[in-house]
Amino acid sequence: MSETPYAVLTPYPIPDALRGRKVVNVGDGFILRAIERLVGRFAPARTLSPRVPLSSAEVDTVAASPTTILAGANQLSNGWTIWPGLSADEVRARRLTLVPFGIGLHGDAGHFGAMSANTKAILLAMHERIRFSSWRCPHTVAWLARELPSLVPQLLMTSCPVVHGEALLGGRPFAPGTGNVAVTVTDRGDFWQRETSILDEVARLFPRARRTLVLHQNWSPPRPFENLRHRWAQTVEAQLDPHQRLRRHAVRAGYRIVVPADADEALAFYDSVDLHVGSRLHAHLLCLSLAKRSWLVPVDARSAGIAESLDFPLCEAGGVANHLAFDFERVRLRVREHFAVMQRFVASLPR
């Protein structure tokens, strides 16, 4: 893969200033790698984080790049400023070419009501310098169109780049096997009932499968020999945090635990599985891209638009069995339609 001259703003690497408060999400890495498949590899020196204000040298890097890709995922909200402290005046004064690529609405309620004046000004300034912008789902585009109707001709609904995999686009049949099943969890907020229901149902549905619980965010790193202690030792409940409790529940239900070191290790792992169930949207999209059957249990509103556009069902926790007969060729049809839009978008990027 050749190196691109573009810069990228991605939430995947955690800046030093936020270490200990934020945890890497390998799903953000899936988005980054999917964009690289389409435009080329990003140089480390041009890979920046939008989580913290950019230094003057980093802004110089953005200004010197023919394009700076804004690499997903669900960043768009009523107060979005690309990075903290950015203004429309700076976008214009520094002639910054900022291109949204597969960005979606923030999933939490209250983050996408009326758009702030500052966010509107930044989006308008950005679109003065680009032909098109890429958005993840029709709900995202509809909100933007409502708030900024003048941008409608430039808003492309490309879907998420993660789902545009060669296996799915090329027609590889969906894998029929059930010998190796992955379950992803979203262990934040009030997750216990949802995630244990998923784990328990998958154990019932696929009792002979090799079942793996995959952690996309390592909130509470497993300790050495933790699985053995969960399986055999009598652990005092009060000594476990919620993440440890969930892992103990999984181990006692016959799961092994996988904590990928990074997105590349996670991508290699998913390539080896037969089937996926879980609440992580980007694990779901990745498995679909690999032509592997996958069922998604939503955590919040961010899944609704992409499910609608890709024509896959959203399952209730413990209710995946109701959707096992789903025809995944419906998803392939929609992804091919959206990929044509994605190709149009990529061809429009400033060179």
> Residue by residue through segment 15-25, which ³J(HN,Hα) values in whole Hz follow from phi under the Karplus form 6.51 cos²θ - 1.76 cosθ + 1.60 (θ = phi - 60°), with glycine and proline marked x?
Replying inline: x, 4, 5, 10, 5, x, 10, 10, 10, 4, 10
> If you average the sequence gap of Cα pairs under 8 Å that are 6 or more apart and divide by the length of segment 1-159, what percent do you get for the contact order?
Replying inline: 21 percent
>> Nothing charged except the Cβ atoms of Lys and Arg (+1) and of Asp and Glu (-1): what's the magnitude of the dipole of segment 248-292 about its Cα centre? Round to the nearest 20 debye.
In response: 360 debye
> Suppose R0 equals 22 Å; then what is the FRET efficiency for Ser2 and Phe269 from their Cβ-Cβ distance, rounded to the nearest 0.05?
Replying inline: 0.25
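With every protein chain present, what is the per residue accessible area of the chain (1.4 Å probe, Å²)?
Working: 14700 Å² over 351 residues.
With the other protein chains kept in place, the chain gives 42 Å² per residue.
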>> I need the shape label for segment 246-320. Rule: rounded when a/c is under 1.5, else prolate if a/b > b/c, else oblate, with a, b, c from the alpha carbon gyration tensor.
In response: oblate
>> Under a crude label model (7 Å from the Cα following the beta-carbon direction), how far is Gln154 from Arg95 in nanometres?
In response: 1.7 nm
> Beyond 13 Å, what percent of the Cα pairs of segment 50-102 remain?
Replying inline: 61 percent
>> How much length would be gained if the chain were fully extended between Arg256 and Glu128, taking 0.36 nm per residue of separation minus their Cα-Cα distance, in nm to one decimal?
In response: 41.0 nm
> What span do the alpha-carbon atoms of the chain cover on each of the three principal axes, reported in whole Å from largest to smallest?
Replying inline: 63, 43, 41
> To the nearest 10 square angstrom, how much accessible area does Lys292 have with a 1.4 angstrom probe?
Replying inline: 20 Å²
> Can you give the calculated 222 nm mean residue ellipticity of the chain, where each DSSP H run of n ≥ 4 adds -39,500 (n - 2.57) and the sum is split over every residue, rounded to the nearest 500 deg cm²/dmol?
Replying inline: -11000 deg cm²/dmol
> So if R0 is 25 Å, what FRET efficiency would Asn218 and Ser197 give, r being the distance between their Cβ atoms, rounded to the nearest 0.05?
Replying inline: 0.65
> Taking a temperature of 37 °C and a viscosity of 0.692 mPa s, what whole-number D in µm²/s does Stokes-Einstein yield for segment 151-197 with Rh from Kirkwood over alpha carbon pairs?
Replying inline: 218 µm²/s
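Let's see if you can work this out: charge +1 on each Lys and Arg Cβ, -1 on each Asp and Glu Cβ, no other charges. What is the dipole magnitude of the chain about its Cα centre, in debye to the nearest 20? Mind dumping the intermediate values first?
Values: 41 positive and 32 negative charges, 81 e Å.
For this selection, approximately 380 debye.
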>> Could you compute how much accessible surface Arg95 exposes when probed at 1.4 Å, giving the result in Å² to the nearest 10?
In response: 150 Å²
> Using a basic spin-label model with each label point 7 Å from the Cα along Cα→Cβ, how many nm lie between Ala117 and Gln239?
Replying inline: 5.8 nm
> Could you give the dipole magnitude of segment 60-139 about its Cα centre, charging the beta-carbon of Lys and Arg +1 and that of Asp and Glu -1, in debye to the nearest 20?
Replying inline: 220 debye
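Please identify the longest segment of the chain free of exposed GluC sites (Glu not before Pro), where exposed means a DSSP state other than H, G, I, E or B and no more than 16 other Cβ atoms within 10 Å. Write down the numbers at each step before the final one.
Details: sites that count: Glu128, Glu316.
Excluding the exposed sites themselves, the longest stretch runs over 129-315.
Determine the order of Thr47, Thr119 by accessible area, beginning with the largest, at a probe radius of 1.4 Å. Mind showing how you got there, number by number?
On the way: Thr47 35, Thr119 0 Å².
Result, largest first: Thr47, Thr119.
Of the accessible area of the chain, with the probe set at 1.4 angstrom, what percent is carbon plus sulfur?
Details: 7650 of 14700 Å².
Accessible surface attributable to carbon and sulfur in the chain totals 52 percent.
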> Separation between the Ala325 and Arg146 pseudo-spin-labels, each 7 Å from Cα along Cα→Cβ, expressed in nm?
Replying inline: 3.7 nm
> Hey, how much of the P(r) for segment 36-79 falls beyond 13 Å, as a percent of Cα pairs?
Replying inline: 63 percent
> If you build a Gaussian network model of the chain, linking Cα atoms that sit under 10 Å apart, which residue out of Gly305, Gly177, Gly165 swings the most?
Replying inline: Gly177
> To one decimal place, what orientation-averaged projected area in nm² is obtained for the convex hull of the Cα set of segment 92-163?
Replying inline: 5.1 nm²
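The values are calculated or read from the model by the stated rules, or taken from the named source; none is laboratory data. Keep in mind that what you see is a predicted model, and the values were worked out from it rather than measured. Cβ coordinates were reconstructed from backbone atoms using ideal geometry, including for glycine residues, and neighbour counts include every protein chain displayed. Note: areas computed on protein heavy atoms with side chains; ligands, DNA, RNA excluded. Shrake-Rupley method; radii C 1.70, N 1.55, O 1.52, S 1.80 Å.
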